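I have placed the structure first, in the form of structure tokens, so that the comments after it can refer back to it.
Just so it is clear, none of the values below were taken in a lab; they were calculated from the coordinates. Computed from a prediction, not measured in an experiment: that's the story for all the values here. Neighbour counts run over all protein chains shown; Cβ positions are idealised from the backbone, glycine included.
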Amino acid sequence: MDPLPAPAARCRSPSPRRSAFSRVSPLTCAAAPAGVRLPAAGRSPCSPVSGSHRHRRRARVSAFARYSLYARTRLGYLFYQRQVKKARERYPHGHSVPQPYCFPGLKILPIPVLSNNYSYLVIDTGSSQAAVIDPSDPLAVQAAIEEEGVMLEAIFCTHKHWDHSGGNWELCQKHSSCRVYGSALDAIPQLTHPLADREKVSVGCLTFEALATPGHTVGHMVYVLDGGPFGSPPRLFSGDLLFLAGCGRPFEGSPETMLASLDLAMSLGEDTLLWPGHEYALECLTFASLLELDNSALEQKLQWAVQQRQEKRSTCPSTLGEEQTYNPFLRTHRPELQEALGLWQARGEDPDAFRARVLKEVRRRKDLYQAT
Ligand SMILES: [Zn+2]
């Protein structure tokens, strides 16, 4: 989710990799395609260091207050409605060109909604039964349902944020037998079927497994579509847990909680296809390239993503195997990343506790990068 807009913030250049960040030129930012969130002019990651401890603490408190307003009050819903309206005006055909993925018996249709979200219509082509993951803009999802001529049997919500669940009510009005799945720990609108960790749900020939992945929200869940019946790898619909080269902010969990959730996702296997909740690839890859200067897999993926986004093509799916080569949030065990951050494991420090410390530092730098 994008919380309520922040007041202008200043970026503090991370000292151990100051030279890396100072290599970012305004040209790099200006070269980004339209619709991609990059630092505003004059506020690049190479901006001068600024801000006292008190200033940073105030900024953290303010971010928490904005998050609480978004996630826990009606103001958040009104903000979401404004987001939908603006996005429909700005991207009447979506922020990206929809690219359906067809396999024998299965079709996955990414639906670009808001300014960078994805909903996914997943269809059992044999029975024309379908499920949607994270319906954000109900009009866009309904248009895809009608275009495909399918019956909406189920909504799977990864978490409660409006940009993932705001379309539930309207879709349930149109499809009265539609079931709404998600965690009971998140206040998901119109939830009819609360799910437990590892619970499986069938829609036609499709089988989804829910995995509890707290951190972004306390009840965040991801959904794994079994690829077995289709002779293909599993598919992970990761919501705001994991993005291409990035991960969601731990609004309602500690770095340790987030790390455990990421590790759980990674246990699905390298060939698992990743379908995230947002099109953040270019921003995340650009940030990652400032941390790891000599990562050729990262460099290649960034170049590829620039090309994709110039043509408004989606960058999804990637695979979990690929992600391990360039996603800094999945590379907390890698000495090259630890060294780039200036972090070393203390004598006697638990390895996972150290990795959580690395994750926290990557997150901190990413937040500073986004605040510019
Ligand atoms: Zn979210």
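For segment 336-372, chymotrypsin sites (Phe, Trp or Tyr not before Pro) are listed when DSSP marks them as loop and at most 16 other Cβ atoms sit within 10 Å of their Cβ; the list is TRP344. Pairs with C-alpha atoms separated by more than 31 Å, drawn from the list LYS107/LYS312; LYS107/LYS174; LYS107/LYS366; LYS200/LYS366; LYS85/LYS360, are LYS107/LYS366; LYS200/LYS366; LYS85/LYS360.
Taking 0.36 nm per residue of separation and subtracting the Cα-Cα distance, full extension of the segment from ARG313 to GLU146 would add 57.8 nm.
Site pair ALA353 and TYR77 shows an inter-label distance of 4.4 nm when each label is modelled 7 Å from Cα along Cα→Cβ.
With 0.36 nm allotted per residue and the present C-alpha distance subtracted, the SER267-ALA187 stretch has 26.0 nm of extension available.
Counted by neighbouring Cβ atoms within 10 Å, the residues GLU270, GLU148, GLU292 run from fewest to most as GLU270, GLU148, GLU292.
What is the magnitude of the charge dipole of segment 101-371 about its Cα centre, with +1 placed on the Cβ of each Lys and Arg, -1 on the Cβ of each Asp and Glu, and no other charges, expressed in debye to the nearest 20? Can you show the working numbers first?
Details: 22 positive and 35 negative charges, 55 e Å.
In debye, rounded to 20, segment 101-371 gives about 260.
Counting only DSSP beta bridges whose two residues both lie in segment 101-371, roughly 70 percent are antiparallel.
Cα centroids of segment 183-197 and segment 66-105: 20 Å apart.
Among SER176, SER202, the ranking by other beta carbons within 10 Å of each residue's beta carbon, starting with the fewest, stands as SER176, SER202. Of the trypsin sites (Lys or Arg not before Pro) found in segment 171-262, those that fall in a DSSP loop while having at most 10 other beta-carbon atoms within 10 Å are ARG198.
Calculate the FRET efficiency for SER127 and GLU199 from the Cβ-Cβ distance with a Förster distance of 35 Å, rounded to the nearest 0.05. The calculated FRET efficiency here is 0.95.
Relative to the current alpha-carbon distance between SER232 and PHE103, full extension at 0.36 nm per residue lengthens the span by 45.6 nm.
So if R0 is 22 Å, what FRET efficiency would LEU293 and ASP367 give, r being the distance between their Cβ atoms, rounded to the nearest 0.05? Don't jump to the answer; show the numbers that get you there.
Numbers: r = 21 Å, r/R0 = 0.95.
E between LEU293 and ASP367, to the nearest 0.05, is 0.60.
Translational diffusion of segment 101-371, estimated by Stokes-Einstein from the Kirkwood radius over alpha carbon pairs at 20 °C in a medium of 1.002 mPa s, is 113 µm² per second.
In segment 310-366, what trypsin sites (Lys or Arg not before Pro) fall in a loop by DSSP, with at most 12 other Cβ atoms inside 10 Å?
Those that pass, being in a loop and sparsely packed, are ARG347.
Taken along the Cα-to-beta-carbon direction at a fixed 7 Å, the label points for GLN300 and LYS174 span 4.2 nm.
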